[in-house]
Amino acid sequence: MDADTLIISLEHVHKEFEDGFVAVDDFHLGIKRGEFVTLLGPSGCGKTTTLRMIAGFSLPSSGKILLNGEDITNLPPYKRPVNTVFQHYALFPNLDVYENVAFGLKNKRIPYEGKDWRGRPKTKYKRLSPEVIDEKVAKALKIVDLEDMEDRDVASLSGGQQQRVAIARAIVNEPQVLLLDEPLSALDRKMRKDMQLELKEMHRKLGITFIYVTHDQEEALSMSDTIVVMKDGAIMQVGSPEKIYNEPVNAYVADFIGESNIYNATMVGDKKVRFLGGVFPCVDDFPLNEKVDVVVRPEDVLIFEPGKGIIDAKVSSKVFKGEMYQYVLLVGKAEVLCRSTESYEIGEKVSISVLAKNIQVMHKELTENEYMNAWLDGKGNVIIGEEEEISFPADYTALLKGSHIDEDGYLVDAKTNKKYDLKDADIRLTIPLDKVELEDDLSKGECRGVIISSVWVGDHYQYMVRTEGEEDFVADTPYAWNIGDEVAIHVAKENLHLSLRKELSTYAVEE
Ligand SMILES: Nc1ncnc2c1ncn2[C@@H]1O[C@H](COP(=O)(O)OP(=O)(O)OP(=O)(O)O)[C@@H](O)[C@H]1O
Ligand SMILES: [Mg+2]
C-alpha cells in the first residue's frame, strides 16, 4: 500500500511476555489515515496488548511500529500523537466535567523558541493560556455532546455521559490517532447502541484515525471501515465488514462473525459440494474430493414444501422474532439455523435449498477426521450417521476421568457416584489420519468402503475412503492401494476421540 495513505504500520510485531507467553504473533497491518479500524476477537486474543504497543505503554519483543512512515517503536507514549480511551476508564470523581477534560491540558508544556538570560536562542516551554484551554475544552465537549455540562460533578453523570467525558479527555489533545479499548463495555445494551452511533459521528466530525477494540461482532460490523479478526495473537482476516461477513476465510472467522451454519463438506464435482447428505451447486472451484468447510448464513436458507428443495428437513424449534421467525431445522441429527417470514409448525416436514452464491466454500486444513454427526448407542458403540452402517466399539469412560460403566450400562462418576445414561448422546468424534487402518481382508474392519482418491504426500499416501452411506475417511498410510479398491476400515478403540456435544449433566440419571 502507498506509504502516504498509511498513518500506522505494524510490521511483523511480536510480543512475548517474561513468562514466555506469546500474546501477539507476527502482527502485520497497515492502517489508513482517517480509517475506523476494529480489532475483533475473543477475550485474551491480544487486542489490548496490541493497542498498548501502538500507544507506547508496552514495547514489542520484535517488529516495528511506524507512524507516518517514521519508526516510533521505542518512542515514549507522551511523544506519540496518540491518545487512548481505556477499557476501564478512570475519571477524577472530585473534579467536575470541565476540570476532568482540562486536566491534561493544564499540565501540558508547549515548546517554543525563546532566549536564555544571556539572549542566546533556547527551546523553552510554556503553559497553555486559560483562554486556549477554555476553547479546546469547549470544542471537545461539543463533539461528545456535553456542552452544557461543564460544571457537573462527574459522579452525578450516567455511565454513558461519564464515558463521553473520558472520550473528551482523550480528544482534547487533538491526537492523530485515537485508541479505544472496549470503551462501551460498562454500558447497558440500549446505551451501547446509542453510543455506537455517536462514536461513528464523532469519528466523522474529527476526521482522525480510530483504532477500536471489541469482542462484540455486531459492534464491529456496524461501526468499522475495516475489521481485523484475531485469534491467539494472530490475524485471521482483514477486510470490510461486508467482506468478512460474506466471505470469511475460515470456519473460525465465520463462526465468530455472526450466527452461521458450518458443515464439513466434500467437493463432488465441478462446483458441486456435498453436505448434509445433499449435493449443492456452488460458485467456488475446489479440486474433486477435497474436504472443505461450508458456511451458510441463516438468512440464506430457503425453505420449501417437502420434495421441492435439495434436502428434506424437519422443524425442530420456532421462535418469533418480530419481523420473522427463527427456526432450527433438523436434517438427520444435523441442525440448520434459518429465518423466514412464513410460519411453519414444530414437527412439520419441509425441504431446504441454498442459492449457489450463498454457499461459502472454504479450504479446510485437514488435520484429523471429524464427525459431528456421531452418537452413542448406549451399548458401548459410537455410531456415525443415521444408517447405523458405521459402528465402532468405543470407550465411554474416556468422556469422564475416573469413571466406569456399571451393570446397567450407565457411566458412573467415581467421585460423586452420579450416573449418566449416554444412550443417543450426540458426539463429536475425531480420528487422527494415521490411525485409520485399511485392510484388504474385508472381515477385519468395523466398516468398509471404496478408495476414491489417492495422493502421495512426501513419505506416505493419503487416501480417501467412502462408505456406502457416503461417509468419508481420510487415511495416512505407507501401503499402496488403487482407486476403486474395496477395503475394510479399522480404528482401534483408543484412537476414537469422543467429546460430548452437550453438557454431561444433560444425561444425568435421576434416582
Ligand atoms: N504482563 C503479562 N504477562 C504475561 N501474560 C500477559 C501479560 N499481559 C497480558 N498477558 C496475556 O496475554 C494475552 C492477551 O492479553 P490481552 O489483554 O491483550 O487480551 P485481550 O484480547 O485484550 O482480551 P480481553 O478481551 O479479555 O480484554 C492473555 O492471555 C493475557 O493473559
Ligand atoms: Mg483487553
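Here are some notes:
- Projection of the Cα convex hull of the stretch 412-511, averaged over all directions and equal to a quarter of that hull's surface, yields 8.5 nm².
- 226, 477, 50, 214 arranged by Cβ crowding within 10 Å, fewest neighbours leading: 477, 226, 214, 50
- Each peptide among 175-186, 424-435, 75-86, 341-352 gets the average number of other Cβ atoms lying within 10 Å of its residues, and from highest to lowest they stand as 175-186, 424-435, 75-86, 341-352.
- Between helix 97-106 and the chain: long-axis angle, C-alpha atoms, 0 to 90°, nearest 10: 70 degrees
- Where labels lie 7 Å past Cα in the beta-carbon direction, separation of residue 12 and residue 386 in nm: 5.3 nm
- Per-pair calculated FRET efficiency, R0 = 25 Å: residue 370 and residue 457 via Cβ, rounded to 0.05: 0.85
- Here each label is just a point 7 Å from Cα along the line to Cβ, and for residue 499 and residue 189 those points are 2.9 nm apart.
- Residue (of 83, 215, 260) at the positive-pole extreme of the chain, dipole from beta-carbon charges: 83
- Semi-axis lengths, Å, the chain, gyration tensor of Cα atoms, sqrt of 5 times eigenvalues: 56, 27, 23
- The ranking of 361, 22, 465 by Cβ neighbour count inside 10 Å, starting from the fewest, reads 22, 361, 465.
- Helical contribution to [θ] at 222 nm, DSSP H n ≥ 4, -39,500 (n - 2.57), averaged over the chain, rounded to 500: -5000 deg cm²/dmol
- Tensor-based shape of the stretch 3-246 (alpha-carbon gyration tensor, a/c under 1.5 rounded, otherwise prolate or oblate): oblate
- Over 24 Å [Cα-Cα, the stretch 259-363], rounded percent: 21 percent
- Ranking of 72, 489 by neighbouring Cβ atoms within 10 Å, starting from the fewest: 72, 489.
- Across the stretch 498-511, computed HN-Hα scalar couplings (Karplus, 6.51 cos²θ - 1.76 cosθ + 1.60, θ = phi - 60°) run 9, 9, 6, 8, 10, 4, 4, 4, 4, 9, 4, 8, 6, 10 Hz from first to last residue, x flagging Gly and Pro.
- Cβ-Cβ FRET estimate between residue 173 and residue 94, R0 fixed at 22 Å, reported to 0.05: 0.50
- Taking the Kirkwood radius as Rh and the Cα radius of gyration as Rg, the stretch 1-93 has a ratio of Rg/Rh equal to 0.97.
- Straight-line reach from residue 272: taking Cα to Cα under 27 Å and skipping same-chain neighbours fewer than 8 places apart, the lysines in range are 243, 291, 308, 314, 333, 349, 357, 364.
Values quoted throughout were computed directly from the atomic coordinates according to the rules given, and no laboratory measurement underlies them. These numbers come from a predicted model, not from an experiment. Glycine gets a Cβ as well: all are built from the backbone with ideal geometry, and neighbour counts include every protein chain shown.
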